[in-house]
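What follows is calculated from the coordinates using simple rules that are stated; it is not laboratory data. As the structure is a prediction and not an experimental result, all values here were calculated from the model. Ideal geometry is used to build each Cβ from the backbone, glycine not excepted, and the neighbour counts take in all protein chains shown.
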There are 2 protein chains.
Amino acid sequence: MKVYNFSAGPAMLPKEVMEQAQDEFCNFRGTGCGVMELSHRGSQFMEVIQGAEQNVRELMGVSDDYAVLFLQGGASMQFAMLPMNLMAPGGFAEYADTGVWSSKAIKEAKLFGEVKEIASSKATNYDRIPVIRHWKPEAGASYMHITSNNTIAGTQYHAFPPLDNGTPLIADMSSDIMSRVINMNDFGMIYAGAQKNLGPSGVTLVIIRKDLAERCPATVPTMLRYSTHIKEESMFNTPPTFSVYILKLVTDWIKGKGGIAGIEEINDTKSEVLYEVINASSFYNNPVYPESRSRMNVVFRLPSEELEAKFLKEAAAEGMTGLKGHRLVGGIRASIYNAMPLSGVEALVDFMNEFEKKNG
Amino acid sequence: MKVYNFSAGPAMLPKEVMEQAQDEFCNFRGTGCGVMELSHRGSQFMEVIQGAEQNVRELMGVSDDYAVLFLQGGASMQFAMLPMNLMAPGGFAEYADTGVWSSKAIKEAKLFGEVKEIASSKATNYDRIPVIRHWKPEAGASYMHITSNNTIAGTQYHAFPPLDNGTPLIADMSSDIMSRVINMNDFGMIYAGAQKNLGPSGVTLVIIRKDLAERCPATVPTMLRYSTHIKEESMFNTPPTFSVYILKLVTDWIKGKGGIAGIEEINDTKSEVLYEVINASSFYNNPVYPESRSRMNVVFRLPSEELEAKFLKEAAAEGMTGLKGHRLVGGIRASIYNAMPLSGVEALVDFMNEFEKKNG
């Protein structure tokens, strides 16, 4: 049976990537060793990690003013590293609260300085991105932080705060990195755990304007300083070599799809197909404001929890897995990251129509 | 050509492990998904990580007083996390300096409290483990830290400081974890990057006495507190799932070899075979005190750097790779971790005898 894995992350990877990695798993380019057995300082792996960096630079249009880093610890580690490195002593940072992950980022930042909440949709259960033209950024913030896509609430920024006061904009893009074209120069730093759009868990992509990394106080440990990893080109210590290798293959695959613009077109179609079914139905209900809906995580409810349980069970029986909503909010969640083909979304939509007919 | 990879890490993995991982790479136990595509909170992966913990507990005899954690960032991150969590406010810790990695650990600890050097072999180029009966531990240290095996110098502790003053002993065991039987109860905590004896880079094994984790000051970020990961059983955030899976397979493999006692016997034979050739020769020279020699990393010099370059080139041509010594010390280094079979050491020894005959 064909399986479509709608897991929110770790998520499915492109079939071509999985097959290539399997083929060369025990013998990478005639070395007689697998990638994960190679010294990280040998020429074969150096080519892999440099190729991965080059792919990121090309695909996202990253200039030499920025460093591209492959770190460990996921977005959760960045929640702490960011304020440790970038919060000015006695300073403040602006955070928008659009859900669980934003709140976790805020909690860690408070250990290192004052957090001013620039906007929040908490009062309405995170059902939208707060309207950006109402935000009132203050001069002198160390940075402003947003979460570009919210996997649990199913919301996504479709425009970014236009900061013209010198405050660097920082985005946690863990769940929509490389899913759509952005202008890197609008950001001071972005970061993303790889396990949704870029590869397996265990590697974190950080793209940071190099001058920002120089702010870091001398009291921060070596491993937790962006400047360490910039200077050593992500090789201060042993990087998660196999995860970086898969990220390299995934970014090769994105290039083959016409780059991020090509991927974005497919992603737009996928989410439109799914939202159309939800919009046309009174059986399926998406609680998110239409202008804030995520193109990565499509959340919806059925008329009862019993029907939701039945939906999940029958979908799994037809090979559609990972559709259970986050335990904090319940319901159904279809995560349709880059690697999910349109055929997967079409299969889901067919199943949804059929299920509604039988149970609606 | 049969390849023997003597890399110091990331290092070779057992052939059986590599083949099994390749077999089920795209379809893990009939799920239709690879392990790296599975949700970390799904039952399939939960079984993997719980199995990995169970294996570690069984193999190393870890009691319930200790937590077994799978973290990220390697030993380098532990150099910082350890003092952040365990150094008492205004306190001091004792560190033995046996090489580059100890020195790095000391550097990070100094950010969080006083470091008292309990012993050092720096003055003699780290050619030995300082004689333990001469150490003078003080009462009241937050902990004592050692590096159980030193990959660059080629030294290893063959006994551990018998602390009877209540100070917890902490060991960086990155390069000899599970290579020999130890008594876990002699230690307050041990840690190890996986990429030498346990699996791929990207996962760090930490075994810590649970009461020690409670010391952590409230100012330490959530991700950097051992208590966070103990409470959440290594699932506070997305763990490096594929690396944990390989660690599970490697520990299964160790169990199949008669556990750590079985592996230790093979390791003893391997290192004896190699040291015998070096001892019997005036062509090959190992600079380490015999009683401090490592059974994991056997370092040796040839009469000239030219001969060393020739040795490396000809060895590589015969499929013996990764033999170059660390860039800080030069020479030759054969890393013979658990996964290196005796046949690999025998091939190396044959080559060495042949090379000496031709060039000696």
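Give me the inter-chain shielding for B:226-238: mean count of other chain Cβ atoms within 10 Å, whole number please. Before the final figure, lay out each step's value.
Numbers: counts 0, 0, 1, 0, 0, 0, 0, 0, 0, 0, 2, 9, 14.
If you average over the peptide's residues, the count of other-chain Cβ atoms is 2.
Let me know the mean shielding of A:108-116 by other chains, meaning the per-residue number of their Cβ atoms within 10 Å of its Cβ. Walk me through the intermediate numbers first.
On the way: counts 4, 1, 0, 5, 2, 0, 0, 0, 0.
Counting other chains' Cβ atoms within 10 Å and averaging over A:108-116 gives 1.
Annotation: the residues B:MET36, B:MET189, sorted from fewest to most other C-beta atoms within 10 Å of their own C-beta, follow the order B:MET189, B:MET36. Taking each of A:LYS2/B:LYS15; A:LYS231/B:LYS107; A:LYS231/A:LYS255; B:LYS116/B:LYS324 in turn, the alpha-carbon distance tops 23 angstrom for A:LYS2/B:LYS15; A:LYS231/A:LYS255; B:LYS116/B:LYS324.
Helical runs (DSSP H, four residues minimum) scored at -39500 (n - 2.57) apiece and divided by the length of chain B put the mean residue ellipticity at 222 nm at -11000 deg cm²/dmol. Averaged over peptide A:72-81, the number of partner chain Cβ atoms lying within 10 Å of each residue's Cβ comes to 6.
Mean silhouette area of the range B:15-256, derived from the convex hull of its C-alpha atoms and averaged over all directions, reads 13.1 nm².
Taking the Cα centre of the protein assembly as shown as origin, sum charge times position over the Cβ atoms of Lys and Arg (+1) and Asp and Glu (-1), and report the length of that vector in debye to the nearest 20.
Details: 68 positive and 82 negative charges, 165 e Å.
Taking the Cα centre of the protein assembly as shown as origin, the dipole is about 800 debye.
Here, the range A:130-250 has an Rg and a Dmax of 15.7, 45 Å when only alpha carbons are counted.
A simple spin-label model places pseudo-atoms 7 Å from Cα toward Cβ; at B:ILE132 and A:GLU305 they are separated by 5.6 nm.
Its alpha carbons considered, the protein assembly as shown gives a radius of gyration followed by a Dmax of 26.4, 87 Å.
DSSP finds beta bridges in chain B, and of those with both partners inside it, around 55 percent are antiparallel. A Förster radius of 35 Å, combined with the Cβ-Cβ distance separating B:LYS257 from B:GLN44, puts the computed FRET efficiency at roughly 0.85.
Using R0 = 45 Å, the C-beta based FRET efficiency linking A:ARG327 and B:LYS110 works out to 0.60.
In the assembly of identical copies, A:GLN44 has its label point, taken 7 Å from Cα in the direction of the beta carbon, separated from the corresponding points by 2.8 nm (ascending, one decimal). The antiparallel fraction among DSSP beta bridges confined to the protein assembly as shown stands at about 55%.
Full extension of the chain between A:GLU232 and A:ASP268 yields a length gain of 9.2 nm, computed as 0.36 nm times the residue separation minus the alpha carbon distance.
Of the residues B:ALA315, B:ALA67, B:ALA96, the one that moves most in a GNM of chain B with alpha-carbon contacts below 10 Å is B:ALA315. A simple spin-label model places the labels of A:HIS158 and A:LEU342 2.1 nm from each other, with each point 7 Å out along Cα-to-Cβ. In the range A:258-359, the inverse of the mean reciprocal separation of distinct Cα atoms equals 13.9 Å; this is its Kirkwood hydrodynamic radius. Label-point spacing for B:ALA139 across the identical copies (point 7 Å from Cα in the Cβ direction), in nm and ascending order: 6.1.
With label points set 7 Å from Cα along Cα→Cβ, the inter-copy distances at B:ARG327 are 4.5 nm, sorted shortest first.
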